[in-house]
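S.K.: Okay, here's the structure, questions in a sec.
None of the figures in this text is laboratory data; all of them are computed from the coordinates on show. Only a predicted model underlies this, so the values are computations on that prediction, with no experimental measurement involved. Cβ sites come from the backbone with ideal geometry, for glycine too, and all protein chains shown count toward neighbours.
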Amino acid sequence: MGRAGQIALLALGLALAIIGFAISTRGAAQQPHPPFTGAWMEPRSGGFVAIGITSHEDSTLNYSVELVQGPALLHEWKGIRLRPGQTWQVTASAPAGDVAAYVFREDKPATPYRHLNLAADLRAAMG
Amino acid sequence: VSVIVCCYTRKRYDDLIAAIASLQGQTRQPEEVIVVVDHSPTLERDLRRLKGVVVIRNRHRRGLSGARNSGLEVARGDVIAFLDDDAVAEPDWLARLYSWYWAPAVIGVGGRIVPAWDRGRPPWFPPEFDWVVGCSYVGLPDKAAPVRNLIGCNMSFRREIFESAGTFRTALGRSRSMPDGCEETELCIRAGASVPGSVLLYDPEAVVNHRIREQRHTIRYFVSRCFAEGRSKALVSRLVGAGRGLASERAYALHALPRGVVRSVSRAIAESNVAVLAQSLAIGAGFALTTAGYLKGLGAPPARPGRRPRPLPAVKRLRRRRPTGRPTLPDPPRIATSPTVAARRQAPVGAASGWGWLPLLVAAMGLGLLVVALADNAARFGQPWAYWAFWAGVLAIFAPASVRLASASAGRRERLGIACALGLGLYSVKVLHSPTGFTFHDELLHWRTAQDILSTGHLFTANPLLPISAYYPGLELATSALAATHVSIFLAGVVVLAAARLAMMIALFVLYEEVSGSAQVAGLGVLLYAATPNFMFWSSQFAYESLALPLTLVVLALLAVRSRVKGPRRRLLGIVAIIGIGYVILSHHLTSVFLVAFLFLWWLGGRLISRGTEPARLTVPLWPALLAASGVVLWAIVVAPGVIAYVGEPLLGVFGQLGQIATGHAPPRQFFTSGGHVGPLGERLTAVAAVGIILAALPVSLWVAWRSQRRSALGVLLVFLALLYPPSLALRVGPGGPEASSRLSDFLFIGVGLVLAMGVAGFWQEIATRVRPAVFVGAVTSIIFVGGVILGLGGFARLPGPYLVEGGPRAIEPESQAVASWVLAANGPGNRVATDRSNGLLVGSYGQQHPVNGLADGVGVWPIFYPDRWNGGVDAVLLRGGIRYLITDLRLTTDTPYDGVYFESGEQIPKDGYPLHVAALTKFDGRHGVSRVYDSGDIQVYDVGPVVDALRAGGGH
C-alpha cells in the first residue's frame, strides 16, 4: 500500500472515531430520563417563606400551589404555567409556626404532586 | 559475544586481517575476538602484534575441530560465534545473529555465506553445490527459518550448548591434507538432541562473504570435496544415526537438485549457453560422487570417532557490552520445530520499516469506536442489541491489533504504533461512555479536588468525599493547570489522561523491549497488559492512580534505558526519572509505595545476581530507590499524615476478612454477584476462562522467561511480579477482595504481561499448528481481554442507560444532579449532609457540600436510614455527625444496590432491611422539628438542624 493509501486509512480511522464521539455526545444529551418537577420551600426572615418550582417535565405543565398552616389556607397560586427548564418562585408571608406547601398539577388536581413543610423551630431560627 | 577465528597458514594472512577488521567494524561489537592458530608458529608470531584480539594456539590435534575447541576453552561469551579466516562479515552480521537469542529455544544461529570468487563463478559450477566451497547453497531457506545444522564459516551457539553437549569432535573436520567436513553438522545434531525443543536458526540476512580462491574453482576440487563430504556424512550417520544424519540431505536431493537441473537446462536454452547446461551435469556428477563417498564411508571399517567430546567447563562470563543504539532489525520470527510450520511462520526480513498494518488497524479501531458509540446510544435508549454491539465494537478495536502484534512479520515502529493506538482506543471506549461529564464514582471524588484547587487557588483544601485525595493532587494539579485556560475540568481531565495513556503505552513497550530485546515480545506484552481487568474502564477514569501508574512506568522505562547508555544522555535520563519519581509521589500513595518497593528489589536483584559467576544485566543503582523512599516518607509525614491509616485499614480489613473466611467464621463471597445481582452465565464462563488461560499459560511462560532473564535484574523482578499473580486471586474470595485484587493486578500485570508475552513468543505458538499462529494467539488474548473487562467492571456499568439503584455511573442522572445544584444554590457550600452513596457523590462534588461518611468523619450514616422508625440510633448519628440535611431517595426502595452498598462499605444491613423499606425513608415526614425543604418526587431534602440543635442542647427530641 502506498503512502497515500496509508494516510487515507489513518484519516478514515480518525474520522470514524470523531463521528463516534459526536454521536455519543449527542446521544448523551438526548438520553431520555424520567421527567420530574423540583419544588422547594425555605424560611425567610420577617415571617416570610420562599416557595419555588422548577419543571424538568417533558412538556409544558400548569401547576397550582397552596400554602397552609394546619387546616388554614394561607395563600393559593393557580395557573402557574412552566415550560421544561423554567422556574417559578414566590415569597409570601406566613404566621409563626409550622407551615406546609402543596404543589398540584392542574391536570391531576386530586393528589398533591409535591409536598413541603417548614417546622416552626426552623422558621424561628431564621428570625 | 565471543567470536572465534581459526587459521593455519601465513598465506591467508591478508584475508585474516580483513576478517578481523570486519569484526571490529560490527554495529554490535563482540566482547572478544579469539584467533586460534592451528600449529603455525610463524603465523602465531605475526599475529601476536595485533591489538584488540586474543591470539592462542591450538592445544589439540591439528585440524579445524581442535582449533575451534581451543578457542572455546578460552571464550567467555554467552554466545560464541565462528567466522572463517577467509571470510568478511557484513557490519550487521553479529547484531543479526545475536538478536535471535532472546528466544530461549534458540540454541544456535547461522547466516548466509556468499561466495566471493577470485575469478568469478565458473559457469559449470551449480549454486546448489556451493556447499562444496563452504558457502550457502540453493536449497537453504531464503528467509529466516529453523535448520538441522549450521555452516561453520558463519555460525554461532549458546555457550551452554558446549557445556552440556560437548565440543567439536576432533575426529571429524577438515585438516590441511583432508577436505573432510561435517564436524559442525555432527555438533548441531548432538546439540539439538541434548536440548529437547531447541532450535537452530538460519538467517540469510546475517551475511558473510567467503573468499573462494582459484585453486577451488577447479573440477578436481569439486570432485574431491563431493566425495569427502559423502564420506564425512557416513561417519556422522554412524555417530548420530542415519535418520537424523541424512534428514536434510534427503529433502535436498529430492527437491533442490531436480529443480537445479531444470533451472540450468531452461536457462541454457533461454541463453543459448552450453556452459550453463554443464551445471546440470555437475549436479548429477556431484550427487553421484557424494553418494559414492557415502557408500565408501559406510563400507569402510569403522573409523575411531575419537573420544566423546568433553563438556566445556563453566567460566566467568563476560559482562555484556550493550549496544549504544538499538539496531534496526526485524523481529526474530517465532520458533518452529517442523519445516512446514516454520515455512508458514517465517518473518519477512526487511519488513521492519514502515507502518505496516497500522493504518488499517487504526481504521478498524475507528470503526470499533463508532460501533461502541452506537451501542452506547442504543443503551441510553434501552435497545437490547446494545450489549452485543458493545462487545463487537470493543473486539474490533482489540482483536485485529492482537493478531497483528502476535504476528512475526510486523516491524518495530508498526508494533509501537499499534500499542499506542490500542491504548488510546480502549481509553476512548471509556470516554464514549460518558462524553459530557464525569460519572464514575472516583471521578467525582477527584473532580471535587480539582474544583477546590481552581476555586481556592491553593492545594490541600479538605475534600470530604475523599480526604486523602487533597494531599495527592498530581492529577488535579495538571488538570487544573489546563482548565485554567478556560476549558472545563472534564475536558482538561480527559486530555491529561489521554496523554498519560499514550505515555503509558510507550513506556511499557520500551520497558518490555529493554528486557526482552524483542519488539514482538514488547508488543505482545503491552497487548496482554491491556487485558488487565482495570485497563479499559477503571484505569481510564479521572482518578489519581490513572496518572500515577503511567508515570511509574515511564520512570521504570527511563531507568531501564539509562542502564545501557552513557554520557550526557544517561544524565538526562536520570534527571527526568527523578522528576518522574517526584510527580508519582505527588500523585498517589500506593503507586509511590509500589515504585519504592520495585526500585529497591530491582537494585537488590542486581546485587544478588552479580554475586554469581557473571555480572547482572539491566541493573539499577540504589539512589533512585533511596530518593523515592525518602520522598514517600517525607510526604507522608509532612503533607499527608493520614495516609497510613487510609491505606492500612482497608488492607488490614481485606486480610481480616480472608482470615475469617479461612477459619470458617465468615462465608466466602459469592463470585460474580453484587448487591444480589448476578452476572450472565456467558460472562461468568468467559471470566473464568480468561483467568484459567492465564493460570495455565503461566508455568511454562515463567520457565521460558526465567531461562532468558535469570541474569537480568529487571527481568527477574518482573518474573517475580508475575509469580505473585496466582496467589493474589485469593483476595477475590473476600467481600472487599475483587477491588483489591483488580487494583493489585494493575501492578502485577507489569510482570504477567512480559512473562506471558515471552511464553507466547517462545513456546505457546508452537501448539498452534492447525491454525495460523497469530490468529490463535489473537483469539486467546481476546478471550483474556474480554474476561478482564468482565472482571473489572460490572455489566450494569459498562454501558450507559436508565437509572439503576446505586448503579455507579447509571445512578448519576438529572434528578440527583438537580438536587445537588439546588442545595448549593439555596444553602451555600459546606453543609453537613447525610445521604446515600450516589447522591452523596453528587452533593459532595457539584453541590460542594460535606456528605458525612465513615472515611472522612468516622461516622457511618446508614443507621439513620435503615430503621423503619425514628429511634435513639438515629439521634445518635445525627448528633455525632453534626448533620444539617438528610437527602432521601425513594428509588432505593425499588431494588438492591448494584454497587453492593446503599451508603458506604461496611454498612450493616438489618436482616429484613434489604432492599430498603419505604417506611425507612419516609419516617422523617411529620417528625417534630424536621422540615421537608425540597421534593422532586423521588428525592426529598430534610432540614434537621433544629433537631440536632436540640440534641446538642441536651434536651432530647
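S.K.: Taking Rh as the Kirkwood radius computed over C-alpha pairs, what is the Stokes-Einstein D of segment B:790-893 at 20 °C in a medium of viscosity 1.002 mPa s, expressed in µm² per second?
M.R.: D = 147 µm²/s.
S.K.: Any chance you could run the full-extension gain for B:R710 through B:A116? It's 0.36 nm times the residue separation minus the Cα-Cα distance, nm to one decimal.
M.R.: So the extension gain works out to 209.7 nm.
S.K.: If you don't mind, there's one more thing I want to ask. Give me the net charge for the shell around A:D58: Cβ to Cβ below 14 angstrom, other residues only, Lys and Arg +1, Asp and Glu -1.
M.R.: Once all neighbours under 14 Å are counted, the net charge is -1.
S.K.: Under a point spin-label approximation (7 Å from Cα along Cα-to-Cβ), what is the A:T91-B:A730 distance to one decimal in nm?
M.R.: According to this spin-label approximation, the distance is 6.7 nm.
S.K.: Next question. Per residue Cα convex hull volume for segment B:389-468, in cubic angstrom? Intermediate results must be reported in sequence, preceding the final value.
M.R.: On the way: hull volume 11.5 nm³, N = 80.
With only Cα atoms used, segment B:389-468 gives 143 Å³ per residue.
S.K.: What ratio of Cα Rg to 2.2 N^0.38 Å holds for segment A:1-86? Walk me through the numbers before you get to the answer.
M.R.: Numbers: Rg = 25.7 Å, N = 86, 2.2 N^0.38 = 12.0 Å.
Taking N as the residue count of segment A:1-86, the ratio is 2.15.
S.K.: Calculate how steeply helix B:183-194 sits against the longest principal axis of the alpha-carbon atoms of chain B, using the helix alpha-carbon long axis, and give the answer as 0 to 90 degrees to the nearest 10.
M.R.: That works out to roughly 30 degrees.
S.K.: Can I ask one more? Enter the mean number of other protein chain beta carbons within 10 Å of the beta carbon of each residue in B:374-383, as an integer.
M.R.: Average per residue, whole number: 4.
S.K.: Right, another one. Grab the Cα-Cα distance for B:F381 and B:I575, subtract it from 0.36 nm times how many residues apart they are, and report the gain in nm with one decimal.
M.R.: 64.7 nm
S.K.: Taking the mean number of other Cβ atoms within 10 Å as a proxy for protection, how do you rank B:393-400, A:57-64, B:543-550 from highest to lowest?
M.R.: Order by mean packing, descending: B:543-550, B:393-400, A:57-64.
S.K.: Which of B:K296, B:K566 has the fewest other C-beta atoms within 10 Å, and how do the rest follow up to the most?
M.R.: Working: B:K296 13, B:K566 10.
Least crowded to most crowded, the residues run B:K566, B:K296.
S.K.: Please give the FRET efficiency for B:V918 paired with B:N871, using the beta carbon to beta carbon distance and R0 = 30 Å, rounded to the nearest 0.05.
M.R.: It comes to 0.95.
S.K.: Report the Rg/Rh value for the protein assembly as shown, based on alpha-carbon coordinates and the Kirkwood definition of Rh.
M.R.: 1.13
S.K.: Mind checking the mean number of beta-carbon atoms from other chains within 10 Å of the Cβ atoms in B:423-436? Don't skip to the answer; put the middle values down first.
M.R.: Details: counts 0, 1, 2, 0, 0, 4, 1, 0, 4, 8, 2, 2, 10, 7.
Average per residue, whole number: 3.
S.K.: A further question follows. Which of the lysines could be linked to A:K108 by a straight reach, that is with a Cα gap under 24 Å, when you skip same-chain ones fewer than 8 residues away?
M.R.: Of all the lysines, those that pass the test against A:K108 - Cα under 24 Å, at least 8 places apart if same chain - are A:K78.
S.K.: What does the C-alpha gyration tensor say about the overall shape of segment B:840-957? Classify as rounded when a/c is under 1.5, otherwise prolate if a/b is larger than b/c, or oblate.
M.R.: It is rounded, given that a/c, with a ≥ b ≥ c, falls under 1.5.
S.K.: Using alpha carbons only, how many angstrom separate the centre of segment B:664-693 from the centre of segment B:539-557?
M.R.: With segment B:664-693 and segment B:539-557 each reduced to a Cα centre, they are spaced 28 Å.
S.K.: Rounded to the nearest angstrom and ordered from largest down, what semi-axes does the equivalent ellipsoid of segment B:40-161 get from its C-alpha gyration tensor (root of 5λ)?
M.R.: Equivalent ellipsoid of segment B:40-161: 26, 22, 13 Å, largest first.
S.K.: Right, here's the next one. Classify segment B:546-619 as rounded, prolate or oblate, taking a ≥ b ≥ c as the square roots of the eigenvalues of its Cα gyration tensor: rounded when a/c is under 1.5, otherwise prolate if a/b is larger than b/c and oblate if not.
M.R.: Oblate, because a/c is 1.5 or more while a/b does not exceed b/c.
S.K.: Here's another thing I want to ask about it. Return the average number of partner chain Cβ atoms within 10 angstrom of each residue Cβ along peptide A:44-56.
M.R.: 1
S.K.: May I pose another question? Show me B:51-58, B:585-592 ranked by packing, highest mean number of other Cβ atoms within 10 Å first.
M.R.: Highest mean packing first, the order is B:585-592, B:51-58.
S.K.: Run the numbers for B:A498 and B:I783: contour at 0.36 nm per residue of separation, minus the present Cα-Cα distance, in nm.
M.R.: Using 0.36 nm per residue and subtracting the Cα-Cα distance, I get 100.1 nm.
S.K.: Between segment B:589-610 and segment A:1-47, what is the C-alpha centre distance in whole Å?
M.R.: 43 Å
S.K.: Computed FRET efficiency, Cβ-Cβ of B:I637 and B:T485, R0 41 Å: what is it to the nearest 0.05? Numbers along the way, then the final one.
M.R.: Working: r = 35 Å, r/R0 = 0.85.
That gives a FRET efficiency of 0.75.
S.K.: Based on the mean of other beta carbon atoms within 10 Å per residue, what is the order of B:861-869, B:453-461, most packed first?
M.R.: Top of the packing list down: B:861-869, B:453-461.
S.K.: If you average 1/r across every pair of different Cα atoms in chain B and take the reciprocal, what Kirkwood value do you get, in Å?
M.R.: 31.9 Å
S.K.: Could I ask something else about it? Fewest to most neighbouring Cβ within 10 Å: what's the order for B:L695, A:L74?
M.R.: Least to most surrounded, the residues fall as B:L695, A:L74.
S.K.: Further question on the same structure: Shape verdict for segment B:1-79, please, from the Cα gyration tensor: rounded (a/c under 1.5), prolate (a/b greater than b/c) or oblate.
M.R.: Details: a/c = 1.97, a/b = 1.19, b/c = 1.65.
Judged from the Cα gyration tensor, segment B:1-79 comes out oblate (a/c at least 1.5, b/c at or above a/b).
S.K.: Return B:K233, B:K143, B:K911 ranked ascending by Cβ neighbour count within 10 Å, so the fewest neighbours appear first.
M.R.: Listing B:K233, B:K143, B:K911 from fewest to most nearby Cβ atoms yields B:K911, B:K143, B:K233.
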